[in-house]
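The structure appears right after this line, and notes come after that.
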Amino acid sequence: MSAASSSPTPTPTSYAKTPTRSVSVRGVDFVYRELGPGDGVPLILLNHLSAVLDNWDPRVVDGLATHRRVITYDNRGVGASGGSTPDTIEAMARDTVLFVRALGYEQVDLLGLSMGGFIAQVVAAQEPQLVRKVILAGTGPAGGPGIDKVTRLTIKDILRAVVTRKDPKQYLFFPDTAVGRRAAHAFLDRLKERTDDRDKAISVSSFRAQLKAIHRWGLQAPADLSRIHQPVLVANGESDRMIPSENTLDLAARLPRGELEPLYPDAGHGGIFQYHDRFVARALEFLAA
């Protein structure tokens, strides 16, 4: 891995070839990858349950990086990052802020997917000067309907995947339709494009801590979304099994400056991957406005 400098230089290559770097966050190394233009407000990508650097769709990252500096990272204890994974969303959000500040940035945009969307909401509410704009995908507010069922659904589909010898994301991220199955296969193939310097898989202990954090988020009192004053773009598939799509509609309706990307048809939790061209175009338009 390459070490970070106080002002890291983005790599002008595809995500599949972008080197993995590390930065010390209060004595703990966090790994990340950075690509795209070297100027402008960077876009920080916050990942989903069990995901590491290699779980971001390269079509999404490369598409965004044509016009934006894009940074993906492993939060504390995840993948090749050091430390132990916290079991609350609030602690994950604090670590995200520390990571951003360790890179030397005073203002960023956030793209949070699923659990990453929970983290993005907390960071945006608690650090209004740090966050300029937010994109929330496949996610929901604290206390949102169905979020407390994520653990049960995830374990069920992992076992189903073991029996059928498939990747759990085929069941969790895409609908069981002809369109959904084709999209799942294409997405899983894209995740294999990087062959060198791949990230470590998430550990069992980190996975358990994330599940506990998500369950707690789902059981919290309904979130006060009026605290988030930044412009927020909200996107999802119309048939999200993990974070029911009604949460997406709720976010768009209750966020003071929320904008809804029309729900992607015949798509689920991985809607931004299934409709990557459409999502990237809309995201870049939103961030540039």
| query | In this structure, is Thr248 crowded, with 18+ Cβ neighbours inside 10 Å and over 25 Å from Arg76 (Cβ atoms)? | reply | yes
| said: Residue under question is Arg181, and the condition is that it be in contact with a Lys or Arg (Cβ under 9 Å, 6 or more places away or on another chain), closer than 30 Å to Asp277 by Cα and open to solvent by 10 Å² or more (accessible area, probe 1.4 Å); does it hold? | reply: no
| Given the structure, is Ala102 touching a strand residue (DSSP E or B) at 6+ places or on another chain (Cβ under 6 Å) and open to solvent by 30 Å² or more (accessible area, probe 1.4 Å)? | yes
| query | What is the one condition in (1) touching a residue at least 40 places away in the same chain (Cβ under 8 Å); (2) open to solvent by 70 Å² or more (accessible area, probe 1.4 Å) that Val204 does not satisfy? | reply | (1)
| Which pairs do you get when a residue that is closer than 15 Å to His229 by Cα, found in the range 100-128, comes within reach of a residue that is among the hydroxyl-bearing types (Ser, Thr, Tyr), reach meaning Cβ atoms under 9 angstrom, with the pair 6+ apart or on two chains? | Leu110/Thr96; Ala120/Thr96; Ala120/Thr139; Gln121/Thr139; Val122/Thr96; Val123/Thr96
| Which one is most open to solvent (accessible area, probe 1.4 Å) among residues in the range 147-166 that are within 22 Å of the chain's Cα centre (by Cα) and either more than 27 Å from Arg216 (Cβ to Cβ) or among the hydrophobic types (A, V, I, L, M, F, W, C) (or both)? | Ile155
| message | Please determine whether any residue of the range 74-88 is within 23 Å of Ala201 (Cα to Cα), open to solvent by 20 Å² or more (accessible area, probe 1.4 Å), touching a residue at least 40 places away in the same chain (Cβ under 8 Å) and assigned to a helix (DSSP H, G or I). | response | no
| message | Just the residues that are assigned to a helix (DSSP H, G or I) and either open to solvent by less than 30 Å² (accessible area, probe 1.4 Å) or touching a residue at least 60 places away in the same chain (Cβ under 8 Å) (or both), please, taken from the range 251-280. | response | Leu251, Ala252, Arg254, Gly271, Ile272, Phe273, Gln274, His276, Asp277, Phe279, Val280
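The values are calculated or read from the model by the stated rules, or taken from the named source; none is laboratory data. As the structure is a computational prediction, the values presented were derived from the model and not from experiment. Virtual Cβ from ideal backbone geometry, glycine too; neighbours counted across all protein chains shown. Accessible surface areas use protein heavy atoms only, side chains included; no ligands, DNA or RNA. Shrake-Rupley method; radii C 1.70, N 1.55, O 1.52, S 1.80 Å.
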